[in-house]
Every structure is written in C-alpha cells, then in structure tokens.
Amino acid sequence: MTEESRKSIHGQWSSRLAFILAATGSAVGLGNIWKFPYITGENGGGAFVLVYLLCIALIGIPVMMSEILIGRRGRRSPINTMRMLAAEEGIPKLWVLLGWAGVVAGFLILSYYSVIAGWAVAYVFRAASGVFTGVTADGIGAMFGDLVGNPEAQLGWHTIFMVMTTMVVARGVRSGLEAAVRFLMPGLFVLLLVLLGFSMNTGYFEQGLDFMFSVDFSKLSTAAVLTAMGHAFFTLSLGMGAIMVYGSYLSRNTSIAKTSVVIALLDTLVALIAGMAIFPIVFANGLEPASGPGLIFQTLPLAFGHMPGGVLFGTLFFVLLVFAAWTSAISLIEPAVAWLVENRDMNRVRAATLVGMITWLLGIVTILSFNRWAFEFDFAGETKGSGIFDILDILTSNIMLPLGGLAMAIFAGWMMKKTSVVDELKMGEGMLFKAWYVVVRYVTPVAVGIVFLNLVGVVRF
Ligand code: PFF
C-alpha cells in the first residue's frame, strides 16, 4: 500500500498538538468531573481510586496505543478500518464486528451523555441567574430534584446539546473539532484550580483527601472493581473506536506512545483534581458521597453560592463543563458519521444530522429513567436507583468498552503481523516496545478476563 492511499479522505489534524488536544478533548469530559467523583463516592473511595489508577496505567495506556495504531494504519472509519486491516493482515473478516459494536456503543453512550450534559447547560443559566447565592444544601437538593423530575425541561436541554454536537461534527475535522478544543481545555483546567482553592479552605480538605486516597480493601466489591476498570476505558474514550477514528486523522510521523502517555496523564490529573475539589465540599456540608449522578450538581452550586465572585466563577465553570462534554460528545458519533460518509455517499452535514437525530430519540429513554420510568434493581450486590440509565451505563462502560478494548489489544497483539505493528508504532523494538507487546498480548487479556470471570461468578476475589 502506498503512502498516498494511506491518507484519510476526511482530512488530517494540522499538527501533533492538534491531535493531543482533540484526543484529550475526547477523554476529558463528564467522565472526569461528573462521573469519577460520584462513582468514587458510591464505591467507598481510596481502594476504588487505586484500582482505577492501576487500570489506567496497566491497561488504559497500552490499549490506547493499540487503538491509535489500528486507526492510523487503516485511515478509515473504524468499520472500514477493521475490514481493510483484516484483509491486509489475512485474518477473519468477522473482525469488522468490532467496528460495528463501537458504533452501537457510541449511540448508546451519547444518548445518556447528552442528557447529563443537558443538566450542565441548565446549570449555566441557574448559576448566571444568581439562584445559588447563599443557598443551603437542602435548597440545592430541591433544585436538582425539580430538574430531574421534569422530563419536558430535560428534553429541552438535551435537544440543545444534541444540536450543538451535531453542528460541530457536521463541520468536519479541522474547522469543527480542532477549533473548539484549543482554548477550552486550558480554561477548564484553570477553573478547576479555582474550585480546588475553595475546597482547601472549607476546613474539610484533609477529610476529602483521606476519603480519596486511604486504601481500605475491605470496601472493594466485585462491582467496584468492574466499575473501576470500566471507568478507565470510559474516561480515556477507549474501546469503541472514538480514539481509533481520531488516530486515523493523525499524521504518520507522530509518536503514538508519547502522545498516549500525555493524554492519559492529563485526563487523570483532571479527574483527581475534580475529586479533590468535590469531596471536601461534600463533607463540609454533611452530604452523602454516595448520592449518585446528582453529586456534582449538588456540591458545586454550594461552593459557588458561598464564594466571592461565585456567580461569575459558577457560570464560567458550567460553561466549561459543557464544553468538556461537547468535545467528548463529538468523538462519540464520529465513527458512525465517518462510516456514513464513506459507505453511504452522504456529505458530513446529512450524516451528522441523521446520527444526531437517532441519538436524540434514544436520549428520551434516559430522561424518563430519572422520573416516570424510574425503578431500582440489584447489580452484583449493589442497588441501582435510576433504571434504564444505570443499565445503559453498566452495559456500555462496564461491559462493551472493556470487551472492545480487549478485542483491540488482541487485534494489535495477536492478529496483526508484528512487522506491521512495529512499522506503525515507530518506536523500534527496544525495551519499551517489548513491554508494551507483553502487556497487550498477556496482561490486558488476563486482567480483563479475570474481572469478567469474577463478575459471572467463575472466580472469586
Ligand atoms: N471520555 C469521555 C469522558 O470521560 O467524559 C466519555 C467518552 C467519550 C467515552 C468518547 C467514550 C468515548 F468513545
């Protein structure tokens, strides 16, 4: 295959930095600021955080390298990349199913992601209107309850967010995706530091740190280990083709290993800072760490309501949270849109609109799962309270993404020829390469396998 035919028809990132920003934009999102704190709260803190960090380092980074290398080698939407590489490497065509599974996961994840992002949009307006000023924990709880109890209002916010997402994806790789992330990610980071500063002065900072970092393995359940592993995939956007499709727009001479490490570090930093900012506020106000998906929507307004300049900082913060969600959302539907452009001869605008509409419809299920359709159920010994939303979340992050990531590790480690992998990674065949190869061939499959066997009760730990 010539160099020329290995260019994506969708364009390329303008530089290595542009790719890092876009991939970090995809990685850093609601997963870091909304989900990480609430699942840490639900799963008892320290031990959960430790398992999560181990999963990022031992599974996340190596899988990310595999996913980027597959994408860059294929230079097409994940579905067509899998089809083409299977032919090129002489392996079963069935691998194309991995591309399809990713597209399905993208639809499912975005359908609920957009509803939560819609809450963040609503909170921009609430913060700006000053309703948080001086408010009590009960008052904030009631406000949150009003929102999630009202399907019509949520539908409105979800619609706004889906229109925003569709618009950027319609504009394409450079002018759409790249332009958005350049300023927004640094801005988000600065505001998180402002929040952290506030939390340090609550008098409960140490208690927050203690909750997050003192490890007590007796609190670690099977479900918690599965959740930690699933979240490592979710937060790094791995296992469904989002990072693969971004990799397909990456120039040939960028180091995949270095960029993967940078992206994972930035992502982890944001999550840890978010946790360190949020838990002190939880304890200072007598809130419950395990209060579920509403956690940041009940803690952060309290912080903003009691800090000088809170209206301004609060508004800015929720604006940036929306942006972080936005740069993640676009990557969730890019695989489907790229496939429609390649195979159905659609232009990007039509493809993005079609995908956006399907996701929007699916989102209604999540909206209703917080109110009219709410029900409780038990999962691996834990009670979940938000019906279909929780099922979608468990199915996608805890099951589909780890299985997808596992398949990608196997594809790069066992299916592709070693020469192709070495050629694409461009890091020689020294120690680092060897370490990566062992991890994707043995460590990742065994680790993911054990967690699943444990879940279905074949092994116990
Ligand atoms: N990584 C995103 C977050 O942490 O919010 C969510 C996400 C984006 C998951 C893209 C999966 C994905 F493919």
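Per-structure values
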| read-out | value |
| --- | --- |
| Matching entry among Phe217, Phe233 (being of a type outside the set (Gly, Ala, Ser) and away from the ligand (no atom under 16 Å from the Cβ)) | Phe217 |
| Some residue of region 271-284 being open to solvent by less than 10 Å² (accessible area, probe 1.4 Å), within 16 Å of the ligand (Cβ to nearest atom) and modelled with pLDDT under 90 | no |
| Boolean, Gly31 is touching a helix residue (DSSP H, G or I) at 6+ places or on another chain (Cβ under 9 Å), open to solvent by less than 10 Å² (accessible area, probe 1.4 Å), on the phi < 0 side of the Ramachandran plot and more than 8 Å from the ligand (Cβ to nearest atom) | no |
| Any hit, region 71-83, residues being surrounded by fewer than 16 Cβ atoms within 10 Å (Cβ to Cβ), within 21 Å of Val440 (Cα to Cα) and touching a helix residue (DSSP H, G or I) at 6+ places or on another chain (Cβ under 8 Å) | no |
| Odd one out for Val262, checked against (1) under 23 Å from the mean Cα position of the chain (by Cα); (2) open to solvent by 10 Å² or more (accessible area, probe 1.4 Å); (3) closer than 22 Å to Thr81 by Cα; (4) more than 14 Å from the ligand (Cβ to nearest atom) | (3) |
| Exclusive hit being of a type outside the set (Lys, Arg), surrounded by fewer than 21 Cβ atoms within 10 Å (Cβ to Cβ) and assigned to a helix (DSSP H, G or I), set Val448, Val440, Val422 | Val422 |
| Residues within region 34-44 that are surrounded by fewer than 24 Cβ atoms within 10 Å (Cβ to Cβ) and either farther than 24 Å from Ala324 by Cα or without any contact (Cβ under 8 Å) to a residue 40 or more places away in the chain (or both), tallied | 1 |
| Filter pass, Thr327 being in contact with a Gly (Cβ under 6 Å, 6 or more places away or on another chain), open to solvent by less than 10 Å² (accessible area, probe 1.4 Å) and either within 14 Å of the ligand (Cβ to nearest atom) or on the phi > 0 side of the Ramachandran plot (or both) | yes |
| Tally, over region 102-133, of residues that are open to solvent by 30 Å² or more (accessible area, probe 1.4 Å), touching a helix residue (DSSP H, G or I) at 6+ places or on another chain (Cβ under 6 Å) and not hydroxyl-bearing (Ser, Thr, Tyr) | 3 |
| Condition met for Gly74 (closer than 20 Å to Ile394 by Cβ, of a type outside the set (S, T, N, Q) and at pLDDT below 95) | no |
| Search result, residues across region 181-232 that are assigned to a helix (DSSP H, G or I) and among the aromatic types (Phe, Trp, Tyr) | Phe183, Phe189, Phe198, Phe205, Phe211, Phe213, Phe217 |
| Enumeration of residues in region 97-135 that are away from the ligand (no atom under 16 Å from the Cβ), touching a residue at least 40 places away in the same chain (Cβ under 8 Å) and β-branched (Val, Ile, Thr) | Val124, Thr133, Val135 |
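A quick yes/no check of all residues on (1) within 16 Å of the ligand (Cβ to nearest atom); (2) over 17 Å from Val28 (Cβ atoms); (3) of a type in the set (A, V, I, L, M, F, W, C):
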position	(1), (2), (3)
Leu321	yes, no, yes
Glu334	yes, no, no
Val337	yes, yes, yes
Val341	no, yes, yes
Arg350	no, yes, no
Thr353	no, yes, no
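Yes/no per residue for (1) more than 30 Å from Phe370 (Cα to Cα); (2) touching a residue at least 12 places away in the same chain (Cβ under 8 Å); (3) within 27 Å of the chain's Cα centre (by Cα):
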residue	(1), (2), (3)
Ser386	no, yes, yes
Ile399	no, yes, yes
Ala412	yes, yes, yes
Val421	yes, yes, yes
Glu424	yes, yes, yes
Phe433	yes, no, yes
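The values are calculated or read from the model by the stated rules, or taken from the named source; none is laboratory data. Computed from a predicted model, the values in this text were never measured in an experiment. With ideal geometry, Cβ positions are generated from the backbone for all residues, glycine too; neighbour counts draw on all protein chains shown. Ligands, DNA and RNA are excluded from the accessible area calculation, which covers all protein heavy atoms including side chains. Shrake-Rupley method; radii C 1.70, N 1.55, O 1.52, S 1.80 Å.
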